[in-house]
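Peer 1: Sharing a structure below in C-alpha cells format, with a few things to ask.
The values are calculated or read from the model by the stated rules, or taken from the named source; none is laboratory data. Treat the numbers as computed from the prediction; the structure is a model and nothing was measured. A quick note on method: Cβ atoms are made from the backbone with ideal geometry, for glycine too, and the neighbour counts reach across all protein chains shown. Surface accessibility is based on the protein's heavy atoms, side chains included, excluding ligands, DNA and RNA. Shrake-Rupley method; radii C 1.70, N 1.55, O 1.52, S 1.80 Å.
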Amino acid sequence: LGAAAAVAGIALALPHWQRPLPPAVAKVANYASYDATPERRFQFRTGRCFLEGGGALAPECIARDPRRPNWALIGDSHGAMLWRALAERYPGVNLLQLTAPGCRPLPDAPAKLACARARAAAWADVAGDSRVGTVILAGRWQGSDLERLPRAIARLRAAGKRVIVIGPVVEYDGGMPGLLARAMLAGEADRFDRFRLTDRAALDQRIALVVLTAGAEYRSLQRAECPRRCALITPDGTPVHSDYGHLTLAGARLVVARLPAIARDGP
C-alpha cells in the first residue's frame with residue numbers, strides 16, 4: 001500500500017463525520033508504506049550495506065578507520081535497522097555494516113546460498129582482522145539459534161574479539177502503523193499491548209542467559225522498548241515500528257538511546 005492508500009483504507013472504515021483522519025493518526029498510518037521511503041533507505045543503507053538484491057557491499061560499509069576503534073555489525077534486516085542509530089550514538093567509533101535480508105549472523109544457521117556466501121565472507125573478513133575489536137551480532141533470532149550462538153561467540157572470542165549480542169525486538173500481530181492508527185481512533189491505544197507477541201520477550205530472556213554464559217555482552221531491545229509499558233510513538237509522533245517488528249528510524253533512535261552504553265575500546 002502507498003501512503004495515501006493506507007490512510008484511505010482506515011478512513012473509509014469510519015463514519016463520515018470522523019473523516020478526514022486527525023493529523024496524529026494520519027501520520028502514524030502513513031508509516032504503513034515506510035519501506036518505499038528515502039528515510040528507510042537512509043536508515044538501512046539499502047543497496048550499499050543492506051543488500052536486498054544480492055551483490056557486494058559498498059566500500060564505505062566495510063572500510064577500516066586507522067584513527068578510530070573499528071566495530072562490526074553483522075546481521076539481517078533486524079541488524080540493519082539499528083546501524084544508523086548505533087553509528088549516531090557512537091560517533092567516535094567506525095561501525096562497519098555487514099547485513100543482508102533474512103541472513104541471521106550465525107555461521108552454521110540454515111540459509112539460502114546467497115546468504116551463506118555473504119555471511120561466510122563477512123565472518124572471514126571480520127574474524128581475521130585484528131583491526132576490528134568489537135563485533136555486534138543482531139538479528140531476528142529464533143529458538144533454534146540458542147544452540148548455535150555459543151559456537152559463534154566462541155569463534156569470535158578465540159579471534160580476540162569483544163562480542164555483543166543484541167536481542168530480539170518487540171513484535172506485533174500485524175503491521176503496527178495500521179493497528180495503532182485504528183486503536184488511536186477507537187481511543188484504545190492504552191490497550192495496545194494485546195497485539196504484542198509475548199513469545200519474543202520469553203526468547204529474549206533465554207538468549208540473554210546463553211549469551212552471558214558464553215562470555216559475551218547482551219543488550220535487550222525488549223527491556224529498552226518496554227521498561228514498563230512499551231513505547232508506541234516517539235516524541236515527534238512517529239510510530240516506533242513500521243511493520244510487525246522493524247523499527248522506524250525514529251524508533252531505532254529511541255530504543256538504541258535506552259540501551260546500556262557500550263564501552264569504547266581501542267585508542
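Peer 1: Hey, can you tell me all the residues within region 155-210 that are under 14 Å from residue 239 (Cα atoms) and aliphatic (A, V, I, L, M)?
Peer 2: 170, 176, 179, 180, 181, 183, 184, 189 - these are the residues of region 155-210 that are under 14 Å from residue 239 (Cα atoms) and aliphatic (A, V, I, L, M).
Peer 1: Give 159, 111, 100 a once-over and let me know the one that is small (Gly, Ala, Ser) and farther than 24 Å from residue 244 by Cα. Talk me through it step by step, then tell me what you get.
Peer 2: Numbers: 111 fails: farther than 24 Å from residue 244 by Cα; 100 fails: farther than 24 Å from residue 244 by Cα.
After ruling out the rest, the residue left standing is 159.
Peer 1: Do you know which residues across region 35-59 are part of a helix (DSSP H, G or I), open to solvent by 90 Å² or more (accessible area, probe 1.4 Å) and closer than 28 Å to residue 128 by Cα?
Peer 2: Answer for region 35-59, where residues must be part of a helix (DSSP H, G or I), open to solvent by 90 Å² or more (accessible area, probe 1.4 Å) and closer than 28 Å to residue 128 by Cα: just 59.
Peer 1: Scanning for something buried (at least 24 other Cβ atoms within 10 Å of the Cβ), among the hydroxyl-bearing types (Ser, Thr, Tyr) and more than 17 Å from residue 156 (Cα to Cα), does region 72-79 turn up at least one residue?
Peer 2: no
Peer 1: Look at residue 263 and say whether it is closer than 19 Å to residue 138 by Cβ and either open to solvent by 10 Å² or more (accessible area, probe 1.4 Å) or assigned to a strand (DSSP E or B) (or both).
Peer 2: On the way: closer than 19 Å to residue 138 by Cβ: yes; either open to solvent by 10 Å² or more (accessible area, probe 1.4 Å) or assigned to a strand (DSSP E or B) (or both): yes.
Yes, satisfied.
Peer 1: Next question, about the same structure. Quick check on my filter: what residues within region 237-258 are in a loop (DSSP other than H, G, I, E, B) and over 15 Å from residue 35 (Cα atoms)?
Peer 2: Residue satisfying the conditions is 237 alone.
Peer 1: Report yes if some residue within region 122-129 is aliphatic (A, V, I, L, M), in contact with a Pro (Cβ under 8 Å, 6 or more places away or on another chain) and open to solvent by less than 40 Å² (accessible area, probe 1.4 Å); otherwise report no.
Peer 2: Applying the first criterion (aliphatic (A, V, I, L, M)) to region 122-129 yields 122, 124, 126-127.
Still in the running and in contact with a Pro (Cβ under 8 Å, 6 or more places away or on another chain): 122.
With open to solvent by less than 40 Å² (accessible area, probe 1.4 Å) added as a condition, the list becomes 122.
Looking through region 122-129, at least one residue is aliphatic (A, V, I, L, M), in contact with a Pro (Cβ under 8 Å, 6 or more places away or on another chain) and open to solvent by less than 40 Å² (accessible area, probe 1.4 Å).
Peer 1: Something else: Any idea which of 108, 173, 145 is in contact (Cβ under 8 Å) with a residue 12 or more places away in the chain, open to solvent by less than 50 Å² (accessible area, probe 1.4 Å) and among the charged types (D, E, K, R)?
Peer 2: Sole residue among the options that is in contact (Cβ under 8 Å) with a residue 12 or more places away in the chain, open to solvent by less than 50 Å² (accessible area, probe 1.4 Å) and among the charged types (D, E, K, R): 145.
Peer 1: When you scan region 91-204 for helices (runs of 4 or more DSSP H) that lie fully inside it, which ones turn up with 2 or more residues that are touching a strand residue (DSSP E or B) at 6+ places or on another chain (Cβ under 8 Å) and within 30 Å of residue 30 (Cβ to Cβ)?
Peer 2: Working: elements: 113-127, 149-158, 176-185.
By residue number, 176-185.
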